[in-house]
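Accompanying notes for the structure given below.
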Amino acid sequence: MKNTDLETKYNKLIIVVSIAIPLVVALLFGVNLRKMGYNVTPLSFLPPIYATINALTAVVLIAAVVAIKKGNRKLHENLMKLAIACSVSFLVMYVAYHMTSDSTQFGGEGLIRYVYFFILITHIVLSIVIIPLVLITYVKALSQRFDKHKKIAKITFPIWLYVAITGVVVYLMIAPYYA
């Protein structure tokens with residue numbers, strides 16, 4: 001199979017996944033199993049864990065960039081797979097938490113409230129944008145079209161790093177208000 005054929009093969013999947021993930025997360029975010037009458041234990045221990053995973057994702061992304069700049073392609077590849085696994089783990093835990101626990105309201109007032117919501121909203125919007133970017137970047141590497149991979153990675157990396165870091169910041173800002 002030619003490299004461009006591989007990309008073409010994955011393009012439809014990238015579109016489907018890029019639409020399905022935000023839709024499924026939005027739908028599941030509105031599902032609270034306890035409020036539906038299911039006897040489930042709230043997974044209230046998850047927020048610090050998934051915040052830590054976001055921090056780990058940021059560190060792994062930076063390490064992956066350092067690895068490729070040093071010419072260590074295999075380490076870069078492995079670190080990028082780890083970053084993807086961390087992001088997927090975060091997402092699963094995030095949804096599980098919100099399906100079993102009440103949402104926590106931010107209690108800050110004044111300017112900090114606007115700062116919090118600015119960070120939260122940009123985090124959410126860019127976390128949706130990053131899905132197709134990561135997938136396209138990954139497929140370019142799988143197709144061994146490293147010129148195209150490098151070009152889109154220059155866009156993907158800072159956005160993904162921002163999403164990972166702001167995930168931690170949002171957690172730290174809202175942590176005092178967890179019940």
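The values are calculated or read from the model by the stated rules, or taken from the named source; none is laboratory data. Note that the coordinates shown come from a computational prediction; the quantities given were computed from them, not determined experimentally. With ideal geometry, Cβ positions are generated from the backbone for all residues, glycine too; neighbour counts draw on all protein chains shown.
Structure data summary
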read-out	value
Residue satisfying all of: in segment 61-111; in contact with a Leu (Cβ under 7 Å, 6 or more places away or on another chain), without any contact (Cβ under 8 Å) to a residue 60 or more places away in the chain and farther than 30 Å from Pro42 by Cβ; surrounded by the most Cβ atoms within 10 Å (Cβ to Cβ) among these	Ala64
Where Phe118 falls short, out of the listed (1) under 18 Å from the mean Cα position of the chain (by Cα); (2) under 18 Å from Lys81 (Cα atoms); (3) hydrophobic (A, V, I, L, M, F, W, C)	(2)
Where a residue in segment 138-152 is farther than 16 Å from Ala67 by Cβ and its partner, wherever it lies, is acidic (Asp, Glu) and modelled with pLDDT under 95, with Cβ under 8 Å and at least six apart	Val139/Glu7; Lys140/Glu7; Ser143/Glu7; Arg145/Glu7
Count - residues of segment 68-97 that are over 16 Å from the mean Cα position of the chain (by Cα), not charged (D, E, K, R) and not in a loop (DSSP other than H, G, I, E, B)	4
Pairs, first part of a helix (DSSP H, G or I) in segment 3-29, second surrounded by 12 or more Cβ atoms within 10 Å (Cβ to Cβ) and among the charged types (D, E, K, R), C-beta under 7 Å, six or more apart	Asn3/Arg145
